[in-house]
Structure formats: C-alpha cells, structure tokens
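Trainee: Input: one structure, supplied below.
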Amino acid sequence: MKRILIVDDAATVRMYHRIILEGAGYQVLEAINGIEAMEKALQEPFDLYVVDINMPKQDGYGFLSDLRSRDLPQTPALMISTEAAAADRTRAYAAGANLYLVKPVKPDELLVHCRLLLGEVHP
Amino acid sequence: MPLIKQHISKSIEQDQRKRERDCTSLELQLSDPSSAARRWAARDLISCPEATGALVLQLQQEDDSSVREIILTTLTQLGDELAVASLVGYLRSEDVALRNEAIEAMKLLPDEVAPIMGKLLIDPDPDVRISAVNILESLRHRQVEEWLTKVIEEDPHVNVCATAVDLLGEVGTTSAQEALEKLKTRFPDEPYISFAADLALKRIRST
C-alpha cells in the first residue's frame with residue numbers, strides 16, 4: 001500500500017484529504033507543519049507528500065527546500081495552497097514541488113494528481 | 001574543547017551585557033553585526049516605549065529569524081498604534097515566514113487588534129482576509145464568533161470562508177448554525193465547503 005504524508009496545519013483540511021485518499025486505498029499519515037513533516041520523513045519512507053504552504057513554525061516552502069537539500073529519496077510533492085498567484089507557483093516549484101494546486105481541491109482533482117505523481121496514471 | 005567553547009560563549013555574553021543599556025544605545029545596537037547583540041537589544045527595548053519605529057525599521061531588513069522573532073515579541077508587548085499598524089503591514093508581506101510570525105504575534109493582542117479586525121476582514125486582498133481569520137484562531141475576544149459568522153455569510157471568496165468555517169467548527173455555538181447551513185448553498189459546487197460546514201455543525205450540535 002502506498003504511503004502519503006499530508007502536511008497541513010488545518011485539521012479539517014487534513015481530515016478531508018485523508019478521507020479522499022484512504023478511500024482510494026492509500027495509507028495516510030499527517031503532520032501539522034514542516035518541522036513535524038521532516039521528523040516523519042526522516043523516520044520512514046513515503047511515496048508522496050501533499051503539502052500546504054502557510055503553516056506556523058515552518059511553511060511548505062521551507063519544508064520542501066529542506067527535504068530536497070538532504071540525501072533522501074526524491075519523493076514527489078504535491079503543493080496545495082490558497083495562494084493562486086503565478087509567483088507562488090514559481091516559488092513552490094523552485095522549492096521542490098512537482099505539482100501545484102489551488103485550494104479548495106475537489107476529490108477527483110486531488111486523486112488524479114496524486115495518481116499522476118505516484119506514476120499510476122500518465123499524462 | 002567544551003571548556004574553551006563555554007569560555008568563549010561566556011565572554012560574548014558578558015560583552016553584550018557590558019554595553020550600554022539606555023534606549024538610544026539599544027536602538028543603535030539593533031543594527032550591530034552580531035545577531036546576539038541584536039537579540040539582546042530587541043529584547044531589552046521592551047522598556048523603551050519610544051522604540052517602536054526603530055524596531056519596525058530593523059524588522060524590515062532583519063535576516064536572522066531568531067532576531068525577527070524577538071522584535072515581533074517586543075512589538076507585541078509594546079502594542080502601541082505604530083506597532084499594531086506595522087504588524088498589519090506584515091500580513092501583506094510576500095515573505096510567508098514573516099507573515100506567519102506577524103499572525104502569531106497579533107493573536108496575543110486581543111484588545112489592540114479588535115478595533116481593526118472589522119477592517120481587516122473586509123480588506124480587498126483575500127490573502128489578508130485569510131490572515132485575519134487565522135488571527136482569530138486563538139484571539140481571546142468575545143466577538144470572535146460574530147466576526148467569523150459574518151465572514152461566512154458575506155465574504156465572496158471561497159478560501160476566506162473555508163478558513164472561517166474551519167475555525168467555527170472549534171469555537172462556534174448554536175448561533176452559527178444558520179449561517180453554516182446557508183454557506184453550503186452559497187458554494188454548492190465546492191465539496192470542501194460542504195464537508196467543513198457539516199463537520200462544524202456536527203461539532204456544535206454535539207456540544
């Protein structure tokens with residue numbers, strides 16, 4: 001079973017994404033900010049990260065930059081944020097995101113992009 | 001080796017403490033090349049009510065996050081008009097870390113933030129409105145539920161409402177029920193809004 005780490009400070013958002021992804025057969029774990037996500041990433045392998053940008057303590061950009069600078073498997077990352085500006089997307093990709101979606105994300109939209117990054121479907 | 005390090009560290013600390021601690025000297029030390037000196041100065045400026053301008057100026061150019069954190073804490077404690085206005089300005093910052101630090105600082109200023117909250121919640125920039133809702137998360141003020149209810153009743157932006165509805169699930173009472181029901185009809189094509197509103201209603205009804 002593929003493992004996905006959801007990184008978001010909003011409990012309702014984590015629950016919404018968890019229900020969608022578990023319903024599709026993935027194992028889901030959660031972190032409430034970049035620091036907690038990094039602790040989990042160092043402890044166990046994941047197949048995909050689903051990461052928010054605005055989080056206290058360490059934001060999504062910081063987490064991905066830190067992750068990509070380490071000698072860890074280059075696990076794909078889907079960044080999801082309320083920030084819709086082109087500059088935010090550019091910054092997300094520069095930090096190490098593989099795809100960028102703007103909240104709120106519909107269930108089908110989340111699943112198809114996760115499957116894409118997990119290599120289960122092809123563009 | 002640890003003894004040497006400890007000795008050096010003590011020397012630095014003593015050096016900082018030997019410097020002048022009057023308000024003018026502390027303001028000058030805010031731009032000291034040593035981040036330790038800047039931290040000390042930012043912390044000690046709490047006893048200088050006229051220091052807000054210097055702190056705000058330094059924050060605009062401060063790269064060290066540990067110094068920024070102390071400057072924001074001191075600004076929060078000073079809590080004067082300029083300090084609050086500056087914190088509001090940081091909500092517009094492109095720097096996510098600074099924006100989040102300002103949100104955390106403003107959460108601690110219920111009396112100072114309350115008079116401007118109404119204005120922040122109708123700011124033309126939806127990102128500022130989202131930040132304002134995030135401030136309400138732990139702002140201990142009697143109007144929090146009223147503000148959040150107004151947001152979900154009137155704000156046209158789905159993500160501002162989404163942020164508010166998450167929070168209403170935690171702090172909302174039965175008086176928010178009608179607005180939560182209406183919210184689902186305002187955004188009928190957004191499954192997340194229905195999910196979050198139903199979750200908030202469930203929590204309110206179970207308490």
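Listed here are the residues, each with its yes/no results for (1) closer than 22 Å to A:D9 by Cα; (2) touching a residue at least 24 places away in the same chain (Cβ under 8 Å); (3) among the hydrophobic types (A, V, I, L, M, F, W, C).
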| site | (1), (2), (3) |
| --- | --- |
| A:A84 | yes, no, yes |
| A:D88 | yes, yes, no |
| A:R91 | yes, yes, no |
| A:P104 | yes, no, no |
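Trainee: Filter segment B:117-154 down to the residues that are acidic (D, E) and either more than 13 Å from chain A (Cβ to nearest Cβ) or farther than 19 Å from A:D8 by Cβ (or both) and list them by number. Give the steps one after another, and end with the answer.
Mentor: Initially, segment B:117-154 is screened for residues acidic (D, E), giving B:123, B:125, B:127, B:137, B:145-146, B:153-154.
Scanning segment B:117-154 gives B:D123, B:D125, B:E145, B:E146, B:E153, B:E154.
Trainee: Could you tell me whether A:A85 is open to solvent by less than 60 Å² (accessible area, probe 1.4 Å), modelled with pLDDT of 90 or more and under 21 Å from B:A97 (Cα atoms)?
Mentor: For A:A85, the condition - open to solvent by less than 60 Å² (accessible area, probe 1.4 Å), modelled with pLDDT of 90 or more and under 21 Å from B:A97 (Cα atoms) - is not met.
Trainee: Scanning segment B:175-207 for residues that are within 28 Å of the chain's Cα centre (by Cα) and open to solvent by 70 Å² or more (accessible area, probe 1.4 Å), which turns out farthest from B:D123 (Cα to Cα)?
Mentor: By that ranking, first place goes to B:R203.
Trainee: Kindly provide the set of residues from segment B:17-47 that are part of a loop (DSSP other than H, G, I, E, B) and in contact with a Lys or Arg (Cβ under 9 Å, 6 or more places away or on another chain), ordered by number.
Mentor: Those that are part of a loop (DSSP other than H, G, I, E, B) and in contact with a Lys or Arg (Cβ under 9 Å, 6 or more places away or on another chain): B:L30, B:S31, B:D32.
Trainee: Let me ask something additional. Given the conditions (1) touching a Gly at 6+ places or on another chain (Cβ under 7 Å); (2) surrounded by fewer than 17 Cβ atoms within 10 Å (Cβ to Cβ), report the number of the one that B:L109 does not fulfil.
Mentor: All conditions are met except number (2).
Trainee: Hey, can you tell me all the residues within segment B:69-103 that are within 14 Å of another protein chain (Cβ to nearest Cβ) and in contact (Cβ under 8 Å) with a residue 12 or more places away in the chain?
Mentor: B:E69, B:L72, B:Y90, B:L91, B:R92, B:A97, B:L98, B:R99, B:E101, B:A102, B:I103, listed by residue number.
Trainee: Next question, about the same structure. Please go through segment B:72-102 and give me each residue that is among the hydroxyl-bearing types (S, T, Y) and open to solvent by less than 40 Å² (accessible area, probe 1.4 Å), ordered by number.
Mentor: Within segment B:72-102, B:T74, B:T76, B:S86, B:Y90, B:S93 qualify.
Trainee: Kindly provide the set of residues from segment B:155-169 that are within 10 Å of another protein chain (Cβ to nearest Cβ), open to solvent by 20 Å² or more (accessible area, probe 1.4 Å) and not hydroxyl-bearing (S, T, Y), ordered by number.
Mentor: Result: B:H157, B:V158, B:D166.
Trainee: Tally time: how many residues in segment B:170-207 are away from chain A (no Cβ under 12 Å) and either among the charged types (D, E, K, R) or at positive phi (or both)?
Mentor: So the count comes out to 6.
The values are calculated or read from the model by the stated rules, or taken from the named source; none is laboratory data. Worth saying up front: this structure is predicted, and the values here are computed from it rather than measured. Counting neighbours? That spans all protein chains shown, and the Cβs are built from the backbone with ideal geometry, glycine included. For the accessible areas, the whole protein counts, side chains as well, though only heavy atoms, and no ligand, DNA or RNA atoms are used. Shrake-Rupley method; radii C 1.70, N 1.55, O 1.52, S 1.80 Å.
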